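Enquirer: Sharing a structure with you now.
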């Protein structure tokens with residue numbers, strides 16, 4: 001029987017395993033190797049205050065079709081949920097304001113769009129951007145922060161762009177690349193960035209939902225994919241090395257995994273999908289694809305933690321879906337915030353606000369290069385988050401339950417040159433028949449992008465195996 005190994009049991013690996021099954025049928029034996037003790041990767045649904053609650057990724061962009069289509073395909077379409085009408089807010093310039101809608105990740109379509117967030121001087125800088133010399137971009141990527149600061153000034157970046165990017169990458173504009181994070185701005189062909197942002201906004205804003213999730217938690221997705229893939233799932237099974245053989249690939253397992261391996265579990269495979277974080281991919285490809293390994297090694301990572309609070313039923317939250325907080329923001333007394341964002345989940349999602357149920361809030365801590373409060377133990381992290389919540393919103397209720405979830409190195413940074421790195425990875429892997437890569441390191445950190453890379457990896461492997469069977 002043809003054997004395929006999928007290394008990595010997160011959304012990318014499991015989506016690849018599922019797609020391989022649909023493409024190849026029952027004639028292939030699929031094994032998923034996952035280092036951790038459970039599947040899911042950055043999708044983790046835990047019980048907090050008796051409520052199923054996402055403590056990893058909590059939503060996905062529905063304007064990209066991959067996740068919505070996959071959920072429907074695997075029978076979870078009826079669990080798709082969209083946010084309530086509560087708007088997100090931002091702590092900018094020392095005060096909490098409504099998040100301006102007329103922007104692309106904070107890059108405004110007009111100065112009016114960001115008038116409430118900026119000072120008069122900041123608004124004048126945004127207004128003047130249209131009259132600057134036309135934007136001239138090289139074919140290669142450029143650092144996002146310096147470009148935006150040159151065109152709009154520091155205030156827009158610090159107060160608006162950085163908090164928005166921090167919610168996605170846990171990093172700021174100065175460390176990210178334009179084409180890697182905002183490709184639409186680079187490809188719009190507009191004379192100014194203001195005009196480029198205007199061209200990318202939907203013609204009927206607010207008519208279609210932007211985000212979605214699954215009732216019952218996004219953690220239902222890995223379980224369903226694993227079941228439908230029919231794969232043998234090996235958790236607690238780190239793959240230490242990857243090597244080519246005369247007919248395919250050999251996977252060297254960690255001693256503990258090998259000792260507990262069933263007799264019929266292959267250490268060899270006809271094809272392999274690697275769906276692991278950059279450091280693991282670098283290590284596994286070091287011998288078989290050194291160019292790809294080197295490129296993976298150049299990807300920097302950010303760490304963060306999610307602190308989930310279940311507050312007593314009836315606790316009153318601000319009338320917002322959440323608040324983003326910039327790195328330099330302070331309260332009225334000048335004390336900086338440790339938290340980069342709060343999500344008022346019981347305001348944002350109707351299914352997380354059952355009558356008589358706990359009031360759910362999550363605070364996100366950790367920015368690229370600034371571990372800060374992440375050095376604290378769990379009790380201290382809870383204290384810091386509660387203190388920030390009280391200073392920001394006045395909510396002081398003692399939680400009935402808490403849970404701290406740490407994501408060490410969980411977010412790859414799409415720095416300037418990222419697309420070139422990905423090109424080197426994919427070019428090197430293309431020279432190795434029966435090998436494919438997938439995951440958040442490549443073409444986007446969101447769930448739809450991960451699913452897209454998984455689908456592409458599965459189709460590459462399926463094409464290779466089909467060619468062999470016809471030979």
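The values are calculated or read from the model by the stated rules, or taken from the named source; none is laboratory data. Remember, it's a predicted structure, so these values are computed and weren't measured experimentally. Cβ placement follows ideal geometry from the backbone for every residue including glycine, while neighbour counts extend to all protein chains displayed.
Enquirer: Among the residues that make up the range 419-429, is at least one of them closer than 30 Å to residue 335 by Cβ, in contact with a helix residue (DSSP H, G or I) (Cβ under 6 Å, 6 or more places away or on another chain) and either free of Cβ contacts under 8 Å to residues at least 40 places away in the same chain or not assigned by TED's automatic domain parsing to the domain that holds residue 319 (or both)?
Expert: Scanning the range 419-429 turns up no residue that is closer than 30 Å to residue 335 by Cβ, in contact with a helix residue (DSSP H, G or I) (Cβ under 6 Å, 6 or more places away or on another chain) and either free of Cβ contacts under 8 Å to residues at least 40 places away in the same chain or not assigned by TED's automatic domain parsing to the domain that holds residue 319 (or both).
Enquirer: Looking at the range 19-27, can you tell me whether even one residue there is buried (at least 22 other Cβ atoms within 10 Å of the Cβ), over 19 Å from the mean Cα position of the chain (by Cα) and at pLDDT 95 or above? I'd like the intermediate steps shown before the answer.
Expert: We begin by selecting, within the range 19-27, every residue buried (at least 22 other Cβ atoms within 10 Å of the Cβ); these are 19-20.
Remaining after also requiring over 19 Å from the mean Cα position of the chain (by Cα): 19-20.
Filter once more, so that each one left must be at pLDDT 95 or above: 19-20.
Within the range 19-27, one or more residues are buried (at least 22 other Cβ atoms within 10 Å of the Cβ), over 19 Å from the mean Cα position of the chain (by Cα) and at pLDDT 95 or above.
Enquirer: For the range 99-112, does any single residue satisfy the condition of being at positive phi and not in a helix (DSSP H, G or I)?
Expert: yes
Enquirer: A follow-up question, please. Residue 146: assigned by TED's automatic domain parsing to the domain that holds residue 112 and buried (at least 21 other Cβ atoms within 10 Å of the Cβ), yes or no?
Expert: On the way: assigned by TED's automatic domain parsing to the domain that holds residue 112: yes; buried (at least 21 other Cβ atoms within 10 Å of the Cβ): no.
Judged against the criteria, residue 146 is not a match.
Enquirer: I'd like the full set of residues that are crowded, with 21+ Cβ neighbours inside 10 Å, within 19 Å of residue 210 (Cα to Cα) and over 13 Å from the mean Cα position of the chain (by Cα), limited to the range 36-65.
Expert: Scanning the range 36-65 gives a single hit, 54.
Enquirer: Moving to a separate point now. Of the numbered conditions (1) modelled with pLDDT of 95 or more; (2) over 25 Å from residue 236 (Cβ atoms), residue 87 fails exactly one; give the number of that condition.
Expert: The single condition residue 87 does not satisfy is (1).
Enquirer: Are any residues in the range 350-373 under 21 Å from residue 46 (Cβ atoms) and more than 19 Å from the chain's Cα centre (by Cα), and if so, which ones? Break it down stepwise before answering.
Expert: Quick first cut of the range 350-373, residues under 21 Å from residue 46 (Cβ atoms) only: 350-354, 356-366, 373.
Within the range 350-373, 350, 351, 352, 353, 354, 356, 357, 358, 359, 360, 361, 373 qualify.
Enquirer: Can you tell which of 242, 228, 218 is at pLDDT 95 or above, assigned to a strand (DSSP E or B) and within 30 Å of residue 20 (Cβ to Cβ)?
Expert: Working: 228 fails: assigned to a strand (DSSP E or B); 218 fails: assigned to a strand (DSSP E or B).
When all the criteria are applied, what remains is 242.
Enquirer: If the requirement is being within 23 Å of residue 444 (Cβ to Cβ) and without any contact (Cβ under 8 Å) to a residue 40 or more places away in the chain, which of these qualifies: 163, 146?
Expert: Checking each option against the conditions leaves just 146.
Enquirer: In this structure, does residue 65 turn out to be under 30 Å from residue 328 (Cα atoms), touching a helix residue (DSSP H, G or I) at 6+ places or on another chain (Cβ under 9 Å) and in contact (Cβ under 8 Å) with a residue 60 or more places away in the chain?
Expert: Numbers: under 30 Å from residue 328 (Cα atoms): no; touching a helix residue (DSSP H, G or I) at 6+ places or on another chain (Cβ under 9 Å): yes; in contact (Cβ under 8 Å) with a residue 60 or more places away in the chain: yes.
Against the criterion (under 30 Å from residue 328 (Cα atoms), touching a helix residue (DSSP H, G or I) at 6+ places or on another chain (Cβ under 9 Å) and in contact (Cβ under 8 Å) with a residue 60 or more places away in the chain), residue 65 does not qualify.
Enquirer: Does residue 404 satisfy the criteria of being under 19 Å from the mean Cα position of the chain (by Cα) and assigned by TED's automatic domain parsing to the domain that holds residue 318? Give the steps one after another, and end with the answer.
Expert: Working: under 19 Å from the mean Cα position of the chain (by Cα): yes; assigned by TED's automatic domain parsing to the domain that holds residue 318: yes.
For residue 404, the condition - under 19 Å from the mean Cα position of the chain (by Cα) and assigned by TED's automatic domain parsing to the domain that holds residue 318 - is met.
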